[in-house]
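Chemist: Got a structure here, written out as structure tokens. Questions coming.
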Amino acid sequence: MNNLPTNSGHSRGRGRGTKQKDDANRGLGLQLGQSSNEARPDKPVPPADALKTSEIIPKSEDTEAQAIEGDPRGSVRGRRLITEVVHSRPQGLTTKAGISGTKINVQTNYFKLLKRPCWTIFQYRVDFEPEVDNTRYRRGYLYEHKNILGGYIFDGTILFCTTQFNFKELVTKNHAGENITIKIKHVGLVEAADNQQFQVLNLLLRKAMESLSLQLVSRNYYDAKAKIKLNNYRVELWPGYQTSIRQHESDILLCADVVHKVMRTDTLYDILSEAIRDTENFKDAFRRQVMGMICLTDYNNKTYRIDDVDFGLNPLCKFNTKDGDISYVEYYKKRYNITIRDHKQPLVVSRPTEKNIRGGTDQLIMLVPELARATGMTDAMRANFQFMKAMSEFTRLNPDRRIERLRAFNKRLQSSKESMDVLKSWNIELDTALVDIPARVLFPEKIVFGNQKRFVCDNRADWTMEFRNNSMYSHVDIKRWYVITPQRNLRETEEFVKLCIRAASGMKMTISEPRYDKIADDRNGTYSQSIDNAVAKDPQIIMLVLKAPNEEKYSCIKKRTCVDRPVPSQVVTLKTIAPRKEKSAGLMSIATKVVIQMNAKLMGAPWMIELPLRGLMTVGFDVCHSSKNKNKSYGALVATMDMKSSNRYFSSVNEHMKGQELSDQMSMNMTYALKAFREHHGILPERILFFRDGVGDGQLHQVVNTEVKFLKTKLDEIYKSAGKEDGCRMAFIVVTKRINTRYFTKNRNPVPGTVVDDVITLPERYDFFLVSQAVRQGTVSPTNYNVIHDNIGLSADKLQMLSYKMTHMYYNFSGTCRVPAVCQYAHKLAFLIAESINRAPSSGLENQLYFL
């Protein structure tokens, strides 16, 4: 490998080791020193794989979940699956099956386990002296004693075996001829009725998959031999499989899905080389590119988040070990037989996660750029239409291709003697056919326009074209509004405004001529001053034209219009409103969408659905993490004010720090929403349908046992103080989009409204799957709904229908969305605050959908 290209400059960087003499840090013509970000610690820091972590606490009757030994990013050694089952099914539930709609059968991406395991397994903790970090090496050292161990599975730390051992230590040698002591300690039993059996089953499946010549990357197995090279973009696509074995309603099922790993061929060293070659201030440029990135180190197959770059360190720096000081160069040569070629490169820093700290790993983790491969896609890649199109040709599988790949995976597994020997030795048999299950297609919804005209939503789940012949359900005429545009773009802006006025007229809505503020330049301060001038004239809404998408300008505008000078605003870009001639055919459609959006922001209702219930408040809640501060998040709540009789919404958003409970803020915001409802209607809602988005499986326990209980207690207090002795009638539903479940209708995507509430659902939950949207390419993804509290007084059938109805009410798109509209609104609001505003918006806008 060549040395980095030369560049001049001077920087003071943070050091993390025993600094070599000055001239050792002056490679590449650089002056390496100490950063102002953080002081040098007293103790030198070893590389990531030299760090020791906490001891596993074996599961027992007293411990619900395991404290696990993790790598420096908090992932699980050996990719062990933690199988804590959260029982969220409400007590007294008789059935979770619906009855409405047309009955059909669908095919799923599940395979059935034909034989249910019936065994007792001994569980052992395995430690190595000296410490061996690489899981492959740990497995290899233990494998040398397979004749003594008999049949076993080992994930890198925990050993499962059907026989009990009397010995406690084994000895082997590493590649350098040094003795490695393997210490084995009995820590528990796994019975067939124990939920931990699924951890064992998943490990067995992974062991069987190892015989398919697949490579483990992060959590999944990929076929490196079948990789697809996108050479023009320095990217490889590795096809692979995501698998999970779990107890479902009646059977143990294997869920399998086809996944692709984007593997970049460039290392952090390559990125640094480009920064030095192409930019004057290469240190800042390199930091900007890599900070926040997840990188992969091939030598131990682990991923790390990059938090900083230390130009005060290089691979010649030394760190302390129990055997004395050693440099990074020497360490990697001795440990992995890896030769670091450039001794002048800086080191990148990864901070330990909270989980690492709890486990005893509290030191910074140092990585060598040359040995760290960049992962994921850059913003430039995502913005590159040609790249995304090229990638989607391989990753966006239609149902027939996905089914074909799943069957091929099963056949590949069944055809491998080594794989089948693993499964048969544990008395496991996997069915060859994908599981067929019953499903229902809910009746199509009727979209209500102005003058009570109705459109029956078809399988396209899109009613955009209906606005050509229909007026909006309710509208707000725009008589006072401002348009702020750069002077040089006035003509294009005026032409687009004329189109908007014409589009509104076609929908029986009146938009008067706006007042224009023609700004001389497009600096942030100029936009701010123009907004101030416009707000002084009390406009209903302001339209602002940007020359091109610009996060900084957008943030400035939204801070001004949402916080300092609260007024609904509509931001458009010149590329959108004045496209090139060949793309101008759809300009009227764009104008129509902008008018619909502005009407919604002014408390108009572009359309409505037929809602049978009166007095219903639907609520959506979601959380977004701040882009400026990773320890800060924003939780947003959006609620309807009885859609049977009102178009109004209520919204509120709060900041919370990492680790802080959401219960207080959620309850407080619900109190505000109820107050707004009572002020509008004079009474409290008869029922509350609460959709909670943004919950991972690891957070479900907290949501069930803390969040919902706290919220229900608070709401009951409010209702009882208002004379409702029975308290609040509420259903609390966790909505999850990121799932691996797929189902198909005759090798095609299921139509919108297809619901599944049996066989692949979970016995400990009151849950169902729903496909609410249509896709033109690829395989449609269902959404999972998990009802964790229910005293609303509605059947499972009614909850399914209401959930589907609510996916039709997102005014940013005249079609259905994947989640109930209030969830999408909550996400939109939380995202706006987290990305652009970073502070609470004005309460003066809380009754408007200003964040659309």
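The values are calculated or read from the model by the stated rules, or taken from the named source; none is laboratory data. The model shown is predicted, which means the values in this text are computed figures rather than measured ones. We place every Cβ from the backbone using ideal geometry, glycine too, and count neighbours over all the protein chains shown.
Chemist: Please enumerate the residues belonging to segment 146-187 that are under 17 Å from Glu129 (Cα atoms), hydroxyl-bearing (Ser, Thr, Tyr) and not in a loop (DSSP other than H, G, I, E, B).
Modeler: Hits for segment 146-187 are Thr172, Thr181.
Chemist: For segment 767-790, give me the residue count where each residue is in a strand (DSSP E or B), among the aliphatic types (A, V, I, L, M) and touching a residue at least 60 places away in the same chain (Cβ under 8 Å).
Modeler: The total comes to 2.
Chemist: Criterion first (in contact with a helix residue (DSSP H, G or I) (Cβ under 6 Å, 6 or more places away or on another chain), closer than 27 Å to Val258 by Cα and either surrounded by 15 or more Cβ atoms within 10 Å (Cβ to Cβ) or of a type in the set (Asp, Glu) (or both)) does Ile245 satisfy it?
Modeler: yes
Chemist: Just wondering, is there one or more residues in segment 811-830 that are in a strand (DSSP E or B), surrounded by fewer than 21 Cβ atoms within 10 Å (Cβ to Cβ) and touching a residue at least 24 places away in the same chain (Cβ under 8 Å)?
Modeler: Checked segment 811-830: at least one residue is in a strand (DSSP E or B), surrounded by fewer than 21 Cβ atoms within 10 Å (Cβ to Cβ) and touching a residue at least 24 places away in the same chain (Cβ under 8 Å).
Chemist: Related question: Return the residues of segment 595-636 that are within 23 Å of Gly793 (Cβ to Cβ), of a type in the set (A, V, I, L, M) and at pLDDT 95 or above; say none if nothing qualifies.
Modeler: Initial filter on segment 595-636 (within 23 Å of Gly793 (Cβ to Cβ)): 609-621.
After this cut, where a residue has to be of a type in the set (A, V, I, L, M) as well, the list is 609, 611, 613, 616-617, 619.
Residues satisfying the conditions are Ile609, Leu616, Met617, Val619.
Chemist: Listed residues Thr135, Thr162, Thr157; which is surrounded by 20 or more Cβ atoms within 10 Å (Cβ to Cβ) and at pLDDT below 85?
Modeler: Values: Thr162 fails: surrounded by 20 or more Cβ atoms within 10 Å (Cβ to Cβ); Thr157 fails: at pLDDT below 85.
Selected residue: Thr135, the only one of Thr135, Thr162, Thr157 that is surrounded by 20 or more Cβ atoms within 10 Å (Cβ to Cβ) and at pLDDT below 85.
Chemist: Looking only at segment 191-211, how many residues end up being of a type in the set (Asp, Glu), modelled with pLDDT of 85 or more and assigned to a loop (DSSP other than H, G, I, E, B)?
Modeler: 0
Chemist: Residues to consider are Ile609, Ile596; find the one that is within 28 Å of Ala676 (Cβ to Cβ) and surrounded by fewer than 21 Cβ atoms within 10 Å (Cβ to Cβ).
Modeler: Ile609
Chemist: For a quick check of your reading of the model, give me the residue pairs whose first member lies in segment 192-211 and is under 13 Å from Thr243 (Cβ atoms), whose second is among the small types (Gly, Ala, Ser), with beta-carbon atoms closer than 8 Å and at least 6 apart or on different chains.
Modeler: Asn202/Ser244; Leu203/Gly78; Ala208/Ser416; Ala208/Ser419; Met209/Ser419
Chemist: Separate question: Out of all the residues in segment 283-313, which are more than 19 Å from Met377 (Cα to Cα) and hydroxyl-bearing (Ser, Thr, Tyr)?
Modeler: Tyr299
Chemist: Which of (1) within 33 Å of the chain's Cα centre (by Cα); (2) of a type in the set (D, E, K, R); (3) modelled with pLDDT under 85 is the odd one out, the single condition Lys112 does not satisfy?
Modeler: (3)
Chemist: While we're looking at this one, here's another question. Hey, among the residues in segment 257-283 that are of a type in the set (A, V, I, L, M) and touching a strand residue (DSSP E or B) at 6+ places or on another chain (Cβ under 9 Å), which one's nearest to Lys334 (Cα to Cα)?
Modeler: Looking at the filtered set, the residue picked out is Leu268.
Chemist: What number of residues in segment 666-721 are small (Gly, Ala, Ser) and within 23 Å of Ser651 (Cβ to Cβ)?
Modeler: 5
Yes/no per residue for (1) within 17 Å of Ile271 (Cβ to Cβ); (2) in contact with a strand residue (DSSP E or B) (Cβ under 6 Å, 6 or more places away or on another chain); (3) surrounded by 16 or more Cβ atoms within 10 Å (Cβ to Cβ):
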| residue | (1), (2), (3) |
| --- | --- |
| Ala285 | yes, no, yes |
| Gln289 | yes, no, yes |
| Arg305 | yes, yes, yes |
| Val309 | yes, yes, yes |
| Leu313 | no, yes, yes |
